[in-house]
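Asker: My structure is below; once you've seen it, I'll send some questions.
Just so it is clear, none of the values below were taken in a lab; they were calculated from the coordinates. Keep in mind it's a predicted model, so treat the numbers as computed, not measured. Note that we place each Cβ from the backbone using ideal geometry, even for glycine, and neighbour counts take in every protein chain shown.
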């Protein structure tokens, strides 16, 4: 049995992607075979496609990707389950993390899936897992509390669009940073205040924040510190253009070291991609407190165009691929 899939033999831009017929993957143990209805596109997918920063290749393949099928976010229907799986059965609608989700079938570990929110389409559900889990982890690591003043850079992107909504759900007063064309989206997500980074520097406004979720723009540590209260926390979740070898990791590591000597806390984390956290997100989504923002949906054979659209930096929220 074969399936359609988007594959790559080498690292590079979207031109390395092609659609092919490959074998449907087999499952064992705690694995779940998902018939994919939709997949999400995020910045992490772009990094896996390009193999940058180069440190990623230590985990995913030095000369080329070990898993030639792109994609990680998934939403679909359980086709079959491994012998130790107890949480799901064939026919269940699920969403979560499944490496190789740009295909008609993908395999996920049982603990990386959850029941799909009943009020979401498959396309909406597919753009939730990695970005929303990253936002949730960032706010948790940041020790968010009700009544805090929270600043979110990159507030119109995948992670940022969820961070704004989750911070509001947790009772914070939220300021979102985005470009002029995306301020309306950030307001619609529930942000109390917005800053247009093309016009204003968040570190020069005079406002101080208890928590900064730094997702985009690579602000220097000194700028982050200027915008924090005396004992505030900055959580660095990413940052593009930080160098080909380590990406933004050098800034994150310097922040951890600096935190040893100052009252402010600058930290980072590794996304757990936990199924139990997906269950928590499902509850918030079904309660109407979090809603995915889908910018565009592409068919599977146009996955390369979806990655190009992402790379252009024009995406408002997330991009989905329908299968």
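Asker: Please list the equivalent ellipsoid semi-axes of the stretch 124-217, computed as the square roots of five times the alpha-carbon gyration tensor eigenvalues, in descending order and whole angstrom.
Answerer: 19, 16, 11
Asker: Just one of (i) 18.9; (ii) 20.0; (iii) 22.0 is Kirkwood radius over Cα pairs in Å calculated from these coordinates, so which is it?
Answerer: Read-out taken from this structure: (ii).
Asker: Rank-order 312-318, 15-21 by packing density, defined as the average count of other C-beta atoms within 10 Å over each peptide's residues, highest first.
Answerer: Ranked by mean Cβ neighbours within 10 Å, highest first: 312-318, 15-21.
Asker: For the stretch 198-323, take the alpha-carbon Rg, divide it by the Kirkwood Rh, and send me Rg/Rh.
Answerer: Radius of gyration relative to Kirkwood radius: 1.03.
Asker: Which of the peptides 91-100, 70-79, 53-62 is most tightly packed, and how do the rest follow, judged by the mean count of other Cβ atoms within 10 Å per residue?
Answerer: So the peptides 91-100, 70-79, 53-62, ranked by packing, come out 70-79, 91-100, 53-62.
Asker: Moving on to the next point. Cβ neighbours within 10 Å, averaged per peptide: list 295-305, 154-164 in order, most packed at the top.
Answerer: 154-164, 295-305
Asker: What is the fewest-to-most order of 50, 2, 282 by other Cβ atoms lying within 10 Å of their Cβ?
Answerer: The most exposed by this proxy come first: 2, 50, 282.
Asker: Right, next: With no solvent and one point on each alpha carbon, what is the Debye value of log10 I(q)/I(0) for the stretch 1-124 at q = 0.17, 0.18, 0.22 Å⁻¹?
Answerer: Debye curve over Cα of the stretch 1-124, log10 I(q)/I(0) at q = 0.17, 0.18, 0.22 Å⁻¹: -0.85, -0.93, -1.23.
Asker: Could I ask something else about it? Between the stretch 1-53 and the stretch 192-225, how many Å separate their Cα centres?
Answerer: So the separation of the two Cα centres works out to 36 Å.
Asker: For the stretch 8-58, what is one quarter of the convex hull surface built on the Cα atoms, given in nm²?
Answerer: Value for the stretch 8-58: 5.2 nm².
Asker: Is it possible to state the helix-based mean residue ellipticity at 222 nm for the chain, with each DSSP H run of 4+ residues giving -39500 (n - 2.57), the sum divided by total residues, to the nearest 500 deg cm²/dmol? What is it?
Answerer: Calculated from helices alone, the mean residue ellipticity at 222 nm is -7500 deg cm²/dmol.
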